Amino acid sequence: MKTISSNRYLNQQHIKKQKLSEVEVVYGCITHDVHEQLEIGELGLDIWRQHMVEIISETLVKQLLEGIQKDRLQESQPTDIARTIKGAIQSFVCVEEYKKKDALQLYQAIFEVPLLKDSGEFYKHEANRLLQQCTVSSYMEEVIKKLEEENRRALKYLHSSSVVKIRKECEQRMITDHLDFLYSECDRMVSSEKRSDLKNMYTILKPIPDGLKLFVQTFLEHIRSEGMQMISALKGDLIHIQFVEGMLKVHGKYDELITDTFKSDPIFFSALDKACASVINSRFYEKQPCRSAELVARYCDSLLKKSKTTESEIDSKITKSITIFKYIEDKDVYQKFYSRMLAKRLIHDQSQSMDAEEMMINKLKQACGYEFTNKLHRMFTDISVSSDLNQKFNHFLKQQNKEIGEYSLSRFISQIKNIHIHDPRVYCSLLQVSART
C-alpha cells in the first residue's frame, strides 16, 4: 500500500506537471531529442519493452507467423494457442499504448511489416497454385473465400489498423497480379449473363483501382448490342409501339440486373444510360435521320387517344415512356411531333381524357421544364376557351331565338373580343361545333 501511495504521489505532484499536453503533442514544435516524462507505470512498460520485448522479438514474431500460417492452412492447433497468439500480438500494442504520439510504432515495426511480407508470399504461391487447376469462375470463388477467411483471421488476431492492410496485400497478390487472367473471360460472362459469375467478378474487382473499367465497358457494349439487335427487327405499322416497349424491356432487364448483381453501383447505371442513349439516338437506316423522337411521340399519341385502355394502364405506360423520352437528344423534334398530334386529338375530340393529357404534359414539364411545355399548356387553354365560347354562343342563340344560319358568327365573336385566343385552330373548332348545332 505504501508503494502504491508513493507512486500515486510522484505521478500527481511531480511527473504529471512535466508531461506534454495534447495541444503540445498535436501542434507544438517538439524536436526528436525531447523525451516525454513517464509515469511510474509507463516507465515499467518502457523497461519491459527494452529488456524483454525487443530482445526476444525476432524469435517471438517468427513463432507467431508460424501459428498464423497453420491457421491459414487449417492445421489443427490446441484451443489455447489462438488466445496465446492474440495476447502476444496485443502485447506489442499495449507496451506503448500510453504514448500520445506514434503509439503503434513498435507494433508496426516489429510485427506488422514481417506479417505483411509473409502474407504476400503465402498468397502469391496460393494464387499460382489455384491458377494451375481453376477456371476463371472457380478461381473467383476461391479468391472470395480466401479473402473472407483472411478478414476473419485479421479481426481475430490483429490490431484493427492492420485489417485493411492485410486485405490489400491479399488483393494485390490474388487479383491485381492476375487481372489479365480474369479479363480473359469477361466477354463470355457478360454475354451469358450468368449472375453468379457477374456478381463474383464485381466483388473481386470493385476494391481494385480501375479494376472495373474494362468490365463496365464490356457490359455497356453488351447492352448496346442487344438494343441495336432489337431495333433491326422493327417492322410493320406498329413500329412505334415495338420500339418503345422493346427499349423499355431492355432498360428494365438491365436495371434489375444492376440492382441485384452489382449492388446498384452508380458506375453500372451510368453505363446503362450511355448504352440506351446510344441506341435510342442511332439511325435505324444509314441514309435516314434518327426517328426516335417521332416514334416516342406516336407511342404517346396512341396511348392518349380514345381506346378501351383503363386510366391506370395509361398512367403506367405514360410514366414508362418518359424513361425513353429522357434519352432523346433532340427533344425539339419530339415537341414538334407531339404538339401536332395533341392539336389533332383536342380539335377532333379524340383524347381519352383531359386528365390523361394534363398528366402527360406535367410529366414532360418535370423532365424538361416549363419552357418546353409552355406551348402545350397554351393549347390546353385555347381548347378550354373554345368550349366556353361554344356554350356562350349556343346560349346566345337561344336567348335571341335564332338559328345558326340566321346569325353571323363573326358578329358574336366580335362581341366577346376581350377574350384572347392563342391558336387559330380554336376558331375552326368553334365553327365545327357551331355548325353541328
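Of note:
- The range 172-197 residues that are under 24 Å from GLU121 (Cα atoms), paired with ones that are among the hydroxyl-bearing types (Ser, Thr, Tyr) and buried (at least 19 other Cβ atoms within 10 Å of the Cβ) (beta carbon under 7 Å, 6 or more apart): ARG173/TYR123; MET174/TYR123
- Boolean, LEU346 is at negative phi, out of contact with any Lys or Arg (no Cβ under 8 Å at 6 or more places or on another chain), of a type in the set (A, V, I, L, M) and crowded, with 17+ Cβ neighbours inside 10 Å: yes
- Pairs linking a residue in the range 239-254 that is surrounded by fewer than 22 Cβ atoms within 10 Å (Cβ to Cβ) to a residue that is of a type in the set (Lys, Arg) and part of a helix (DSSP H, G or I), with Cβ atoms under 7 Å and 6 or more positions apart or on different chains, are HIS240/ARG298; LEU248/LYS320.
- LYS344 falls short of the stated requirement of being at pLDDT 90 or above and either assigned to a helix (DSSP H, G or I) or under 29 Å from SER232 (Cβ atoms) (or both).
- The combined condition, being touching a residue at least 24 places away in the same chain (Cβ under 8 Å), among the charged types (D, E, K, R), touching a Cys at 6+ places or on another chain (Cβ under 8 Å) and over 30 Å from ASP255 (Cα atoms), is fulfilled by LYS146.
- The condition of being more than 33 Å from the chain's Cα centre (by Cα) and at pLDDT 90 or above holds for only one of LYS317, LYS336, that being LYS336.
- Counted residues, the range 276-304 - those being within 18 Å of LYS331 (Cα to Cα) and assigned to a helix (DSSP H, G or I): 15
- Selection of the range 210-231 for residues being within 30 Å of SER302 (Cβ to Cβ), open to solvent by 60 Å² or more (accessible area, probe 1.4 Å) and touching a residue at least 24 places away in the same chain (Cβ under 8 Å) yields ARG224, MET228.
- Among the residues listed as ASP382, ASP355, ASP388, the single one being at pLDDT below 90 and open to solvent by 70 Å² or more (accessible area, probe 1.4 Å): ASP355
- Filtering the range 169-209 to residues that are in contact with a Phe, Trp or Tyr (Cβ under 6 Å, 6 or more places away or on another chain) and open to solvent by 10 Å² or more (accessible area, probe 1.4 Å) leaves ARG173, TYR202.
- Candidate set: the range 305-340, residues that are without any contact (Cβ under 8 Å) to a residue 40 or more places away in the chain, part of a helix (DSSP H, G or I) and among the hydroxyl-bearing types (Ser, Thr, Tyr); chosen: the one most open to solvent (accessible area, probe 1.4 Å): SER312
- Selection count where residues are open to solvent by 40 Å² or more (accessible area, probe 1.4 Å) and closer than 19 Å to ARG298 by Cβ, scope the range 255-282: 0
- Here SER160 passes the criteria (1) touching a helix residue (DSSP H, G or I) at 6+ places or on another chain (Cβ under 7 Å); (2) of a type in the set (S, T, N, Q); (3) closer than 30 Å to LEU106 by Cβ except the one numbered (1).
- Of all residue pairs spaced 6 or more apart or on separate chains, those with beta-carbon atoms under 6 Å, a first member in the range 272-292 that is in contact (Cβ under 8 Å) with a residue 40 or more places away in the chain and a second member that is open to solvent by 40 Å² or more (accessible area, probe 1.4 Å) and of a type in the set (Asp, Glu) are ASN281/GLU329.
- Candidates GLU149, GLU112, GLU126, filtered to the one that is open to solvent by 30 Å² or more (accessible area, probe 1.4 Å) and not small (Gly, Ala, Ser): GLU149
The values are calculated or read from the model by the stated rules, or taken from the named source; none is laboratory data. Keep in mind that what you see is a predicted model, and the values were worked out from it rather than measured. Don't worry about glycine lacking a Cβ; one is built from the backbone with ideal geometry, like all the others, and counts go over all protein chains shown. All accessible areas refer to the heavy atoms of the entire protein, side chains included, with ligands and DNA or RNA removed. Shrake-Rupley method; radii C 1.70, N 1.55, O 1.52, S 1.80 Å.
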